[in-house]
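These notes are about the structure you will find just below.
The values are calculated or read from the model by the stated rules, or taken from the named source; none is laboratory data. A quick note: this is a predicted structure, and the numbers were derived from the prediction, not measured. Don't worry about glycine lacking a Cβ; one is built from the backbone with ideal geometry, like all the others, and counts go over all protein chains shown. Calculation scope for accessible area: heavy atoms of the full protein, side chains included, ligands and nucleic acids excluded. Shrake-Rupley method; radii C 1.70, N 1.55, O 1.52, S 1.80 Å.
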Amino acid sequence: MRNPFAFGSPVSGLQFGDRIEETRFLVRRIGTGQNVVVTSPRRYGKTSLLLHAADEAQRIEHARVGVASLLRCSSRRDVAEEVTRAVVDGALGWLVGTAEQISDRLRRLPRVTPSLERDGWRLSLAVGAANETFLADIRRPVELLADSARDGVPVGLVLDEFQQVAEIDPQLGGFFKTLCDDLPGVSLVFAGSHQHMMERLFVGTGAALKNAAEPLSLTVIPESESVAFLQERMVAAGRSIDGRAAGLLYRLAHGIPHFVQLIAAAVYDRDVDAATEETVREAMVDVLSRQRADLASRYELLSPNHRRLVAGLAERPVRDPLSRASLVRFGLSAASAARARDALREREVIEFDADVGWRIADPIFEGWLRYGLPLDLGARIDASAIG
Ligand SMILES: Nc1ncnc2c1ncn2[C@@H]1O[C@H](COP(=O)(O)OP(=O)(O)O)[C@@H](O)[C@H]1O
Ligand SMILES: [Mg+2]
């Protein structure tokens, strides 16, 4: 039997759980041509949700939806190629048929040259004049998509990892705003992590895309739903996990879908028929031990003051890291603690959680700081301490 849990790439089918309200919301907005901006930290399940919603919009609304990821884009030209691929291949389904048929359809995109590679068609853009802007090349495929809506079918374009736009150049955000204004029939779904960068693009004074899209901030999946998901997946694999064990797993993962699946996969790997809290603790030790070298080097890259703050927050999250008691515990002055807090928050190493206060964002790093850091090299982490 294969491990019923998956992490590391977006999930679909049975590995995708819940997110019912969020899916419905996105499908509805795509159906009516409205724009949405989806934000969350990494690993909360944005891409999985976007792909699921795009499928559902096709199934329920018969929409044409393209999904582009700007993750690997570092220039406007890359953005143009990726948007073209998403529209031409995903939304319009133009890359099926004979080579001749495909070239024929692509005549409507004069600067795009298709070539057949091992993993399918590749679309590349011709480079023309020296001060080429490539903006028209981003716009043209989206216009084609808008044209295709003339028959009354809703159309959408998902732009995942949209925060990249801010890295590429300062004008690109404004260009997408123009696109929104000029093509009201197309639903643009922007998505991104790096909260502060997305905020710079969408909220606040001077944000290029202010009011251009309705916000949807993705939080963790609630505990009761995650517990039910864990139990169902285990049962489907001929095993079980009791409610308390699943609850402990959820808390150790901070409820973040990626870490829930990561720890659950380690629980499954322990090969016990009925997993208990003890199994979950042992599985957490397995994960921490496997990642030990990486976790240690992550810590070593921090400055001494940053190390003090992360070690202190891992030991116990606090509402006010600048309180006298916190400062004594961290061994930091108020000014150093404030600087460390701001820098580590900016890098998303720490976060403020409404329930517990300031804490380490990555639950595995938190676990290692708490249980692995104090140990001598090679010593085994004591499972009974975890939780
Ligand atoms: N709806 C879901 N149900 C169960 N697991 C999920 C779900 N969404 C995400 N995950 C888990 O989280 C991981 C990261 O998801 P992904 O969609 O890539 O997140 P993001 O795009 O926000 O970084 C997935 O590999 C999977 O393990
Ligand atoms: Mg993603």
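Counting only helices (runs of 4 or more DSSP H) wholly contained in the stretch 181-256, the ones carrying 1 or more residues that are away from ligand 1 (no atom under 12 Å from the Cβ), modelled with pLDDT of 95 or more and among the aliphatic types (A, V, I, L, M) occupy 223-236, 243-252. Of the helices (runs of 4 or more DSSP H) that lie entirely inside the stretch 316-387, those containing 1 or more residues that are open to solvent by 20 Å² or more (accessible area, probe 1.4 Å) span 324-330, 334-346. Sub-6 Å Cβ pairs linking a first residue in the stretch 208-233 that is more than 17 Å from H194 (Cα to Cα) to a second residue that is away from ligand 2 (no atom under 16 Å from the Cβ) and open to solvent by 30 Å² or more (accessible area, probe 1.4 Å), at least 6 apart or interchain, are A212/K177; I221/D18; E225/D18, ordered by first then second residue.
The lone criterion from (1) surrounded by 14 or more Cβ atoms within 10 Å (Cβ to Cβ); (2) out of contact with any Lys or Arg (no Cβ under 7 Å at 6 or more places or on another chain) left unmet by L209 is number (2).
In the stretch 83-104, the residues that are assigned to a helix (DSSP H, G or I) reach residues that are open to solvent by 50 Å² or more (accessible area, probe 1.4 Å) and among the aromatic types (F, W, Y) with C-beta atoms within less than 8 angstrom, at least six apart or across chains, in these pairs: D89/W121; I102/W121.
Starting from residues that are under 12 Å from V83 (Cα atoms), among the β-branched types (V, I, T) and touching a strand residue (DSSP E or B) at 6+ places or on another chain (Cβ under 9 Å), keep the ones in the stretch 130-163 and report whichever is farthest from ligand 2 (Cβ to nearest atom). Only one residue tops the list, namely V142. Within the stretch 136-159, restricting attention to residues that are in contact with a Lys or Arg (Cβ under 9 Å, 6 or more places away or on another chain), outside any helix (DSSP H, G or I) and open to solvent by 10 Å² or more (accessible area, probe 1.4 Å), which residue is nearest to ligand 1 (Cβ to nearest atom)? Taking the candidates together, the pick is P154.
A count restricted to the stretch 29-66 and to residues that are open to solvent by 40 Å² or more (accessible area, probe 1.4 Å) and assigned to a strand (DSSP E or B) stands at 1. Just one of the numbered conditions (1) under 21 Å from V11 (Cβ atoms); (2) away from ligand 1 (no atom under 16 Å from the Cβ); (3) buried (at least 16 other Cβ atoms within 10 Å of the Cβ) is not true of A311: (1). Considering only residues in the stretch 295-308 that are small (G, A, S) and part of a helix (DSSP H, G or I), the one that is least open to solvent (accessible area, probe 1.4 Å) turns out to be A296.
Scanning the stretch 1-21 for residues that are open to solvent by 90 Å² or more (accessible area, probe 1.4 Å) and near ligand 1 (Cβ under 7 Å from one of its atoms) returns a single hit, F7. Inside the stretch 92-114, residues that are of a type in the set (D, E, K, R), over 15 Å from L125 (Cβ atoms) and within 34 Å of the chain's Cα centre (by Cα) make up a count of 1. In the set (1) under 30 Å from T23 (Cβ atoms); (2) out of contact with any strand residue (DSSP E or B) (no Cβ under 8 Å at 6 or more places or on another chain); (3) open to solvent by 40 Å² or more (accessible area, probe 1.4 Å), the condition left unmet by V127 is number (1). Taken over the stretch 1-22, the criterion of being in a helix (DSSP H, G or I) and within 16 Å of ligand 2 (Cβ to nearest atom) is satisfied by Q15, E22.
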